[in-house]
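The structure appears right after this line, and notes come after that.
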Amino acid sequence: MTGSSCAARVGPGLTVAVTGPTGDIGKPFVRALEQSPAVGRVLAMARRPFDPASLGWSKTEYRRGDVLDRQAVDDLVADADAVVHLAFVVVEASDRSNDVNIDGSRNVFEATVAAGVPRLVYTSSVAAYGYHDHEGLLTEETPARGTDRHAYSRQKAAVERVLHDVLAGSATSAYVFRPCVVAGPDAPTLLDQLPYVRVEQALPAVLRRALVRVPLAKPVLPDHGVPIQLVHHDDVAAALLAGVLGAGEPGIYNLAGPGEVSLSDLADALGWYSVRVPRQAIGVAATALHRIPPLAVEAGWLEALRVPMLMDCSRARRELGWRPEHDARQTLHELVAAHRSGR
Ligand SMILES: NC(=O)c1ccc[n+]([C@@H]2O[C@H](COP(=O)([O-])OP(=O)(O)OC[C@H]3O[C@@H](n4cnc5c(N)ncnc54)[C@H](OP(=O)(O)O)[C@@H]3O)[C@@H](O)[C@H]2O)c1
């Protein structure tokens with residue numbers, strides 16, 4: 001997965017180029033770069049306007065640009081000691097995101113190699129393994145086959161192959177991270193995507209307050225008994241920083257916090273109801289939704305919950321000295337507390 005390893009240019013004043021710095025992982029990660037004495041300068045790029053000073057970032061220079069624009073990517077990485085590629089279409093992944101996710105990633109990898117940057121950090125995902133009936137825990141040796149009918153999973157597996165091909169024989173080494181669902185106060189996507197939350201957020205505040213007072217209006221989450229791993233955004237940031245600094249060997253690393261949660265735990269934390277349903281019900285629902293094109297994206301994410309996707313993360317602990325500070329329950333509770341407080 002990695003290119004030939006090369007001497008680390010680690011030291012004070014590293015210049016780190018980051019695509020996708022404004023997302024669920026990007027913000028906590030850039031915060032970690034800002035706090036690291038080894039990092040002197042952060043060059044960050046995404047498409048929408050953003051002011052680094054609004055988050056108190058002082059080392060970060062932000063520019064607007066698209067990973068599909070090769071010149072913009074070349075300019076971003078030209079002076080970098082390490083490149084971190086986070087830009088991706090995640091929740092809305094579909095056939096239409098092949099360009100950003102696959103071609104855009106290829107641009108970043110090729111530009112990094114062409115500029116002779118020694119180190120590349122890429123966040124793949126547990127989804128790269130594919131939502132199959134895996135036996136036991138997923139290790140980094142489990143083939144990353146993806147799931148064809150799930151666009152995000154298919155694209156994550158494809159991008160890892162692109163990375164392998166582009167870096168082969170180059171002087172750039174790669175740290176490839178495969179996080180499970182990332183959550184925490186600054187990574188609200190898990191909650192924001194729940195249908196009830198989406199409807200609730202669209203309501204005027206006065207109606208939202210009224211809804212909270214009507215117990216029967218609380219939503220019900222179906223729990224089919226599949227355990228879910230979570231990883232806190234700050235723990236992901238720490239792992240990515242270890243890659244930037246060249247801790248341990250380049251390679252592939254699973255990332256998940258200790259422990260697991262269920263959809264009933266999520267419902268409890270939110271003060272919602274949950275009801276136990278047979279595991280097959282989720283697969284049946286996903287298959288039915290796949291037949292309705294406008295709902296295919298939702299069907300794909302339902303499918304992601306069909307089977308347990310539990311990873312063994314001992315390699316990151318052993319090689320990188322990664323010590324996640326939050327277990328799955330703490331991460332869930334921090335996420336829900338932030339949601340409740342309106343963050
Ligand atoms: N969040 C998770 O649970 C999770 C779990 C495992 C792996 N990952 C992976 O981690 C990476 C980051 O995820 P995330 O959750 O932080 O994503 P996110 O919250 O959706 O943020 C995506 C970032 O990419 C930027 N971006 C999107 N399209 C772009 C383009 N064409 N050119 C330049 N920038 C673009 C976005 O800003 P603009 O829209 O302004 O361009 C934003 O900064 C992704 O590769 C994702 O697959 C995430």
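Key figures
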{"quantity": "Sparse-neighbourhood loop sites, chymotrypsin sites (Phe, Trp or Tyr not before Pro) in the stretch 79-164 - DSSP loop, at most 16 other Cβ within 10 angstrom", "calculated": "none"}
{"quantity": "Charge sum, other residues only, whose C-beta stays under 13 Å from Val277's C-beta, Lys/Arg counted +1 and Asp/Glu -1", "calculated": "+2"}
{"quantity": "Nearest-20 debye value, the stretch 48-197 charge dipole, Cβ charges on Lys, Arg, Asp, Glu", "calculated": "80 debye"}
{"quantity": "Ranked Trp322, Trp272, criterion: other C-beta atoms within 10 Å, fewest first", "calculated": "Trp272, Trp322"}
{"quantity": "Karplus-derived HN-Hα couplings along the stretch 222-229 (A = 6.51, B = -1.76, C = 1.60, θ = phi - 60°), whole Hz, x at Gly and Pro", "calculated": "x, 10, 9, x, 8, x, 10, 8"}
{"quantity": "Aspartates and glutamates whose Cα lies under 18 Å from that of Lys218, excluding same-chain neighbours fewer than 8 positions away", "calculated": "Asp192, Glu200, Asp265, Asp268"}
{"quantity": "Interchain or long-range residues, amide H under 5 Å from Arg119's placed H", "calculated": "Val83, Ser173"}
{"quantity": "Computed over the stretch 77-172: relative contact order in percent, which uses C-alpha pairs under 8 Å that are six or more apart", "calculated": "35 percent"}
{"quantity": "The stretch 51-131 - convex hull of the alpha-carbon atoms, volume per residue in Å³", "calculated": "127 Å³"}
{"quantity": "Candidate lysines - alpha carbon under 26 Å from Lys156, same-chain residues fewer than 8 apart omitted", "calculated": "Lys27"}
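The numbers here are math on the coordinates, done by the rules we state, and not lab data. Bear in mind the structure is a predicted one, so any value in this text is a computation, not a measurement. Neighbour counts are summed over all protein chains in view; Cβ atoms, including those assigned to glycine, are modelled from backbone coordinates with ideal geometry.
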